[in-house]
Amino acid sequence: MYKRVVLKLSGEFLAGESGYGIHPDTALELARSITAALEGTGVELAIVIGGGNLWRGARNGSGMDGATADYIGMLGTVMNAMALQDAMEQAGQPTRIMTAIQMAQVAEPYIRRRAMRHLEKGRVVIFGGGNGAPFFTTDTTATLRALEIGADVVLMAKNSVDGVYSSDPRKNPEATRYDHLTHAEVVAQRLEVMDATAITLCMDKGLPIIVFDIFEPGNLARLFRGERVGTLISTP
């Protein structure tokens, strides 16, 4: 059973059927499912959320300076963090937002020891603003924060995909699903689990990753209880 975990969420999970923007009812439904899964487990939870429902640097910032486009994306993750915090607290779960880019009116600055103290007090910590530097994804942020706070695992939440496959199962019905992989196998086979920087960092530090479908009822609660769900990526 895990003591401390980092949950990586896609910004699109807040968008609803439109696929864009923030849909409050969708955010509340997600927050309620996370809060219910946490109940009674004693798990300390930190969340890293992306910003793809609002902005994608490479796509939206065509012709724009790359660093500027990425900074805009970081601000989008803070907007999502605020929406998720509001939904989590409506669901009865105390939270704190911590950002790598300082904006004191809406969030605390990221300080490692303060984040760990919040977790120890039973607060869910939502990390926004990426890692404060351009050219890194929120996958890398999730890995970095997990290592900094001493998390046991990174949970990579997916929508309607229940693990890692040999190819996209939505396009190839004969794709093979893996129950377990090593980090090296993910890199060698170029499986799209997370970006190369993030998976390499996990491999170097021996940090496990679990890829799972967060919208399958009960999956998150089972993971918090230490049960096997989805695909485990770990050292041999």
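Which residue out of Ile101, Ile111 is farther than 20 Å from Met194 by Cα and surrounded by fewer than 16 Cβ atoms within 10 Å (Cβ to Cβ)?
Ile111
Looking at region 71-94, which of the residues that are of a type outside the set (A, V, I, L, M) and buried (at least 21 other Cβ atoms within 10 Å of the Cβ) is nearest to Ala37 (Cα to Cα)?
Going residue by residue through region 71-94, those that are of a type outside the set (A, V, I, L, M) are 71, 73, 76-77, 80, 85-86, 89-90, 92-94.
Subset that is buried (at least 21 other Cβ atoms within 10 Å of the Cβ): 73, 76-77, 80, 85.
On the way: Gly73: 29, Gly76: 26, Thr77: 23, Asn80: 21, Gln85: 16 Å.
By that ranking, first place goes to Gln85.
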Leading residue by the ranking (surrounded by the most Cβ atoms within 10 Å (Cβ to Cβ)) among those in region 148-197 that are free of Cβ contacts under 8 Å to residues at least 60 places away in the same chain and on the phi > 0 side of the Ramachandran plot: Ser160
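Kindly check whether there is at least one residue in region 152-161 that is at pLDDT 95 or above and over 23 Å from Ile47 (Cα atoms).
For region 152-161, residues at pLDDT 95 or above and over 23 Å from Ile47 (Cα atoms): absent.
Looking at Ala15, Ala46, which is the one that is small (Gly, Ala, Ser) and over 22 Å from Arg114 (Cα atoms)? Even if it seems obvious, please write down each step before you answer.
Working: Ala46 fails: over 22 Å from Arg114 (Cα atoms).
Step by step, each of Ala15, Ala46 is checked, and only Ala15 is small (Gly, Ala, Ser) and over 22 Å from Arg114 (Cα atoms).
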Residue match in region 104-118 (condition: more than 25 Å from Leu223 (Cα to Cα), within 17 Å of the chain's Cα centre (by Cα) and of a type outside the set (Lys, Arg)): yes
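Counting only residues that are of a type in the set (A, V, I, L, M, F, W, C) and either modelled with pLDDT under 95 or in a loop (DSSP other than H, G, I, E, B) (or both), which one in region 207-223 is nearest to the chain's Cα centre (by Cα)? Can you show your working first?
Restricting attention to region 207-223, the residues satisfying the condition of being of a type in the set (A, V, I, L, M, F, W, C) are 207, 209-212, 214-215, 220-221, 223.
Pick out the ones that are also either modelled with pLDDT under 95 or in a loop (DSSP other than H, G, I, E, B) (or both) and you get 207, 214-215.
Details: Leu207: 15, Ile214: 11, Phe215: 14 Å.
Taking the candidates together, the pick is Ile214.
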Checking Gly122 against (1) at negative phi; (2) at pLDDT 95 or above; (3) surrounded by fewer than 17 Cβ atoms within 10 Å (Cβ to Cβ), the condition it does not meet: (1)
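The values are calculated or read from the model by the stated rules, or taken from the named source; none is laboratory data. Worth saying up front: this structure is predicted, and the values here are computed from it rather than measured. Cβ sites come from the backbone with ideal geometry, for glycine too, and all protein chains shown count toward neighbours.
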